[in-house]
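As C-alpha cells, the structure follows; a few thoughts come after it.
The values are calculated or read from the model by the stated rules, or taken from the named source; none is laboratory data. Model, not experiment: these values are computed from the prediction. Glycine also receives a Cβ, built like all others from the backbone with ideal geometry; neighbour counts cover every protein chain displayed. Side chains are part of the model used for accessible areas, which takes the heavy atoms of the whole protein and leaves out ligands, DNA and RNA. Shrake-Rupley method; radii C 1.70, N 1.55, O 1.52, S 1.80 Å.
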Number of protein chains: 2
Amino acid sequence: MRRGGAPTPLTPGASPGLPGPPGSPGIGRLSFNQITAERASLAEAVEACARQGVPYIAVWRHKLAETGLDRAVRLVRDAGLRVSSVCRGGMFPAATHAERESRIEDNRRAVDEAAALGAEVLVLVCGAAPPPDRDIAAARRMVADGIAHLVPYATERGVRLGIEPMHPAFAAERSCITTLREARCLAERFDPATVGLVADVYHIWWDSDLYEELARAAGRLVGFHVSDWLVPVHDVLMNRGMMGDGVIELRRIRGAVESAGYAGPIEVEIFNEAVWRTPLDALLPLVKERYLACV
Amino acid sequence: MRRGGAPTPLTPGASPGLPGPPGSPGIGRLSFNQITAERASLAEAVEACARQGVPYIAVWRHKLAETGLDRAVRLVRDAGLRVSSVCRGGMFPAATHAERESRIEDNRRAVDEAAALGAEVLVLVCGAAPPPDRDIAAARRMVADGIAHLVPYATERGVRLGIEPMHPAFAAERSCITTLREARCLAERFDPATVGLVADVYHIWWDSDLYEELARAAGRLVGFHVSDWLVPVHDVLMNRGMMGDGVIELRRIRGAVESAGYAGPIEVEIFNEAVWRTPLDALLPLVKERYLACV
C-alpha cells in the first residue's frame, strides 16, 4: 500500500538507463504488458513505450494476430524494444483427444511467435477442467501432458516456457494450476533451461507459503508481473489496480524474487477498466512513477 | 456437476430419519445455514426447517441480535432443531491493541451465544490485515494470538472453535487464513477438543492439496459446509450456487471428509441473490433434493 503523497512524476522520455529512487528496480527492467492498454493496437503501444523510455513490452497473441507477426517483429525491432514475454500459451485441458492435440499445435504456433519476436519467455496460462466432467485432477494431468508435448519444440527453438500459477478464483475457467508450489512441482519435471515459473503478484500475494515457495523457485523464475489487489473485490478478473493502489506488499515480494535469482524484466500487467480508459500518454508516465515508487 | 435429469423431489416434511438415495448422506445430517435464506428472520427459518424435516440449523449472529438470544434458544428448542454452528466469531486482526481486545471480547460473547444454543461449533472467520499497513503476516500472528486468548473461555463453556479457511479471493477483506494446510497448522497449536477446522467446499475445492490435507485434518474436522462454485465467476462473494449447479466435486469431497472421521451435520450455506429471492417453501425442498442427489 502506497504511503504519503504522490511521488514526483518522472520526466517523460527518461532514459532506460536512468536509475530510480533508492530501492527501486530501475527503469531498465520495466516492461509494459500491452494488456494494460487493452484498447491500443500493438503499434500504438510500441510507439508509446519507445517515446516514454520503457525498454520492454509484453505482447499478447490476439494483438499479434491483428498486426501480423512480420509487421510486429519490425515494429518492435525498429522501436528498439525488447519483448519480455508473449502472452499466452497453455489452455491444455480439453474434453477430447483431438481438441487437446489442436491446443498443443496452437502452442507450437505461440512458440514460433515468441521465437520470431526474440521473447524472453512464452507465458503458459495452463487451462481449466473442461465440461461436462469438470475433473480438476484430470485437467492437471492434461496440463502436464501438454507441456511434455510442447517442450521438445520449444527447446529446439530456444523459447522458454513460463508456467504462471493463477489465483484460485480462476481455477474453474483459466488455470487449474493455482499456487507457486503446484507450479514448481510441475516445472520440476522438466529441464529448467526450457520450463520455468512466472510469478505474478496478483495471483500469489495471499499465499502463506509465498516466501518459502519463492525461495524454492530459485533458478526457475523466468518472469515477474506486477499490479495490485484492490479492495473491496467485486469482479476478480478486473480487480487489478495500479501498483500502490491496493494491498500487495510489492517491494517485499520483489526482494524475494530477486533473492531467488531473478533479475529480468518486470512486467506491469493490469486488467482494469479505468486503466484501460486512460490515454497512453498519461498512462505510461503513471506506470513508470508507480513502478519506481512501489515496486 | 449434476448430470442427467432433475432428481425426483422429496416429499416435503420427510422424516429426519429417512435415508436418502444410495450414496447420499441422509437427511439426518442436513443443516440449513440461515444465510441461505438471508431475507428471512430466524423465526421464519426455524419454522421452515421444522416443517420440512431439516434437523439442524446454523445461526448467524446478526440474525440472533435481531431475535434476542433467549427467544432464539426457545424457538430452536421448541421446534426440536439442533444448532450445527453459530456464524461467526473471528475477525481478530485490528490496527490497535484496544481494538484487538474488543474483538476478543466480542468473540467471548459469541462463545456465550453458541453455548446457550447448544451449538456444535462456533465458526471462526479469522479476519484480514487492517489498514494502513495491510501486513498479512502480522495479521496471521494476530489471529493466532486472538485464538489463544479465546481458547480458555471456550473450553470452560464447552464450545468448540472451528477455524474456517476462506477462499484466497477473500484474503484482503475476510480471512488471512486461506488454505486447509494453513488452518490445520494453526489449529495444531491448540487442543483438538477445543480447536478444529471447518471445511467449506466453496473455499477449498480448487486446492491441489485438498485430499491430502483433508486426510491430515483427521480428528480436527468440526464442520462441513456445501454449496457450489458457479461459472463464469463475477462477484466472488455472491458466486455460490445450489449444489449441482457448479463445478465442485461434492461427493468426492464428502467422501474424503468422512474418511477423515467427520460424521456431523452438513451445512448448506449459499450466498446468492436468486437463492435469496426464493420463498422458503420452495427453497427448502430444493435444498433437500440437491443435498441428497449431489452431496
Given unit charges at Cβ for Lys, Arg (+) and Asp, Glu (-), the dipole magnitude of region B:132-219 about its Cα centre in debye, nearest 20, is 180
For region A:154-268, inverting the pair-averaged 1/r of distinct alpha-carbon atoms gives a Kirkwood value in Å of 14.4
Shortest first and in nm, the label-point separations between residue B:66 and its counterparts in the other identical copies (7 Å out along Cα→Cβ) come to 4.9
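Considering Cα pairs under 8 angstrom that are at least six residues apart, work out the relative contact order of region B:90-222 and quote it in whole percent. Before the final figure, lay out each step's value.
Numbers: 232 pairs, mean separation 32.4, N = 133.
Here the relative contact order equals 24 percent.
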SASA check, residue A:96, accessible area w/ 1.4 Å probe, all protein chains in place, rounded to nearest 10 Å², comes out at 70
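Ignoring ligands, DNA and RNA, what accessible area per residue does region A:166-251 give at 1.4 Å, in Å²?
Roughly 26 Å² per residue, with all protein chains present.
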Looking at region B:102-136, residues buried by 30 Å² or more relative to their chain on its own, accessible surface at probe 1.4 Å, turn out to be B:132, B:133, B:134, B:136
Residue-ordered couplings for region B:162-168, obtained by feeding phi - 60° into the Karplus form 6.51 cos²θ - 1.76 cosθ + 1.60 and rounding to whole Hz (Gly and Pro as x), are x, 6, 10, x, 10, 3, x
With no solvent term and unit scatterers on the alpha-carbon positions of region B:52-131, Debye gives log₁₀ I(q)/I(0) at q = 0.19, 0.20 Å⁻¹ of -0.79, -0.84
Rounded to the nearest 100 Å², the accessible area buried between B and A, both sides, probe 1.4 Å, is 2800
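Hey, with R₀ at 60 Å, roughly what FRET efficiency would residue A:141 and residue B:108 work out to, going by the Cβ-Cβ distance, to 0.05?
Efficiency, rounded to the nearest 0.05: 0.80.
How much of the DSSP beta bridge set in the protein assembly as shown is antiparallel, as a percent to the nearest 5?
10
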If labels are modelled 7 Å from Cα along the Cβ direction, residue B:141 lies from its partners in the other copies at nm distances, smallest first, of 4.5
Region B:205-285: relative contact order from alpha carbon pairs under 8 Å, six or more residues apart, as a whole percent, is 38
Helix B:280-294: inclination vs chain B longest Cα principal axis, degrees, rounded to 10, gives 90
Cα-based Rg and Dmax for chain B, in Å, come out at 18.1, 56
By the C-alpha gyration tensor axes a ≥ b ≥ c (rounded if a/c is under 1.5, else prolate when a/b exceeds b/c, else oblate), the shape of the protein assembly as shown is prolate
Residues whose built amide H sits under 5 Å from the amide H of residue B:247, excluding neighbours closer than 5 in sequence, are B:229
HN-Hα couplings for region A:85-98 via Karplus (6.51, -1.76, 1.60; θ = phi - 60°), in whole Hz with x for Gly/Pro, come out as 7, 9, 10, 7, x, x, 6, 6, x, 7, 6, 10, 4, 4
For region B:142-170 the residues that are at least 10 Å² less accessible with all protein chains than alone, 1.4 Å probe, are B:167, B:168, B:169
Averaged over the residues of B:176-188, the number of partner chain Cβ atoms within 10 Å of each residue's own Cβ comes to 2
Rounded to a whole %, the carbon-and-sulfur portion of the accessible area of chain A at a 1.4 Å probe is 53
So the angle from the long Cα axis of helix B:136-156 to the longest Cα principal axis of chain B, reported in degrees to the nearest 10, equals 70
Sorted by chain and number, the residues with a modelled amide H under 5 Å from that of residue A:236, at a separation of 5 or more or across chains, are B:236
To the nearest Å², the heavy-atom accessible area per residue of region A:63-106 with 1.4 Å probe amounts to 52
DSSP beta bridges in chain A: the antiparallel percent, rounded to 5, is 5
In order over region B:56-63: 3J(HN,Hα) from phi, Karplus 6.51/-1.76/1.60, θ = phi - 60°, whole Hz, x for each Gly or Pro, gives 10, 9, 10, 10, 9, 5, 5, 6
Any lysines whose Cα falls less than 24 Å from that of residue A:63, other than same-chain ones fewer than 8 residues away, would be A:288
The helix B:69-78 Cα axis meets the longest alpha-carbon principal axis of chain B at an angle in degrees, between 0 and 90 and rounded to 10, of 30
Burial-style ranking of A:149-161, A:195-207, average other-beta-carbon count within 10 Å with highest first, yields A:195-207, A:149-161
